[in-house]
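Q: Before I ask anything, let me first share the structure, which is written out below as structure tokens.
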Ligand code: SF4
Ligand code: SF4
């Protein structure tokens with residue numbers, strides 16, 4: 001099982017060894033996909049590999065150590081009722097997060113998402129939303 005998350009630390013709380021330490025404590029593997037450092041915060045997107053219980057423990061320890069944690073499948077919302085199946089998002093998505101169903105409706109797997117925002121910015125009917133950090 002894998003779960004994509006976004007975690008944000010105030011820079012004063014974050015050091016590079018922290019994620020390794022939490023991986024060891026929780027028995028998970030965390031693959032970093034993207035890191036963004038601002039003058040005040042470090043924002044890391046990555047994927048937790050491990051069962052539900054261990055992934056939960058990984059996120060609990062992150063929070064105890066000062067991280068703000070968001071699960072990507074909660075941050076992104078797809079409104080099937082608005083979608084007109086134009087396929088724009090499927091052609092723009094750089095990962096396999098958006099696929100066609102057999103009937104050419106689309107489905108999202110936000111555990112493959114890297115938050116590039118192309119689907120959000122280009123959907124002609126605003127069927128995809130980003131719910132914020
Ligand atoms: S935000 Fe980017 S990666 Fe995520 S589903 Fe949309 S197009 Fe794909
Ligand atoms: S771009 Fe919008 S309307 Fe078009 S398939 Fe994707 S979600 Fe549906």
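Q: So what is the 222 nm mean residue ellipticity for the chain from helices alone, if each DSSP H run of at least 4 adds -39500 (n - 2.57) and you divide by all residues, rounding to the nearest 500 deg cm²/dmol?
A: Taking each H run of at least 4 residues, the total per residue is -7000 deg cm²/dmol.
Q: Ok, one more. Express the Stokes-Einstein translational diffusion coefficient of the chain in µm² s⁻¹, to the nearest whole number, given a Kirkwood radius over alpha-carbon pairs, 25 °C and a viscosity of 0.890 mPa s.
A: D, rounded to a whole number, is 155 µm²/s.
Q: Mean separation of Cα pairs under 8 Å and 6+ residues apart, divided by the residue count of the chain: what relative contact order is that in percent?
A: Working: 217 pairs, mean separation 34.6, N = 133.
Averaging sequence separation for qualifying contacts and normalising by length gives 26 percent for the chain.
Q: From the Cα gyration tensor of the range 74-130, with a ≥ b ≥ c the square roots of its eigenvalues, which class applies: rounded if a/c is under 1.5, or else prolate if a/b is larger than b/c, or else oblate? Could the numbers behind the result be given before it?
A: Details: a/c = 1.39, a/b = 1.17, b/c = 1.19.
Here the range 74-130 falls in the rounded category.
Q: How far is helix 52-64 tilted off the main Cα axis of the chain, in degrees rounded to 10, range 0 to 90?
A: Between helix and principal axis, roughly 60 degrees.
Q: Next up: How far apart, in nm, are the 7 Å Cα→Cβ label points at residue 15 and residue 40?
A: 2.4
Q: With a cut-off of 16 Å, note down the residues of the range 105-120 whose backbone N falls inside the zone around a label point 7 Å from the Cα of residue 86 toward its beta carbon.
A: So the set is 105-106, 118-120.
Q: Between residue 116 and residue 29, what is the spin-label point distance in nm, taking each point 7 Å from the Cα along the Cα→C-beta axis?
A: 2.4
Q: Shifting gears a bit: Using 1/(1 + (r/R0)^6) with R0 = 22 angstrom and r between the beta carbons of residue 96 and residue 131, what's the FRET efficiency to the nearest 0.05?
A: For R0 = 22 Å, the calculated efficiency reads 0.50.
FYI, it's all coordinate maths here, none of it is from the lab. All values derive from a computational prediction rather than experimental measurement. Here the Cβ is made from the backbone with ideal geometry for all residues, glycine too, and neighbour counts use every protein chain on show.
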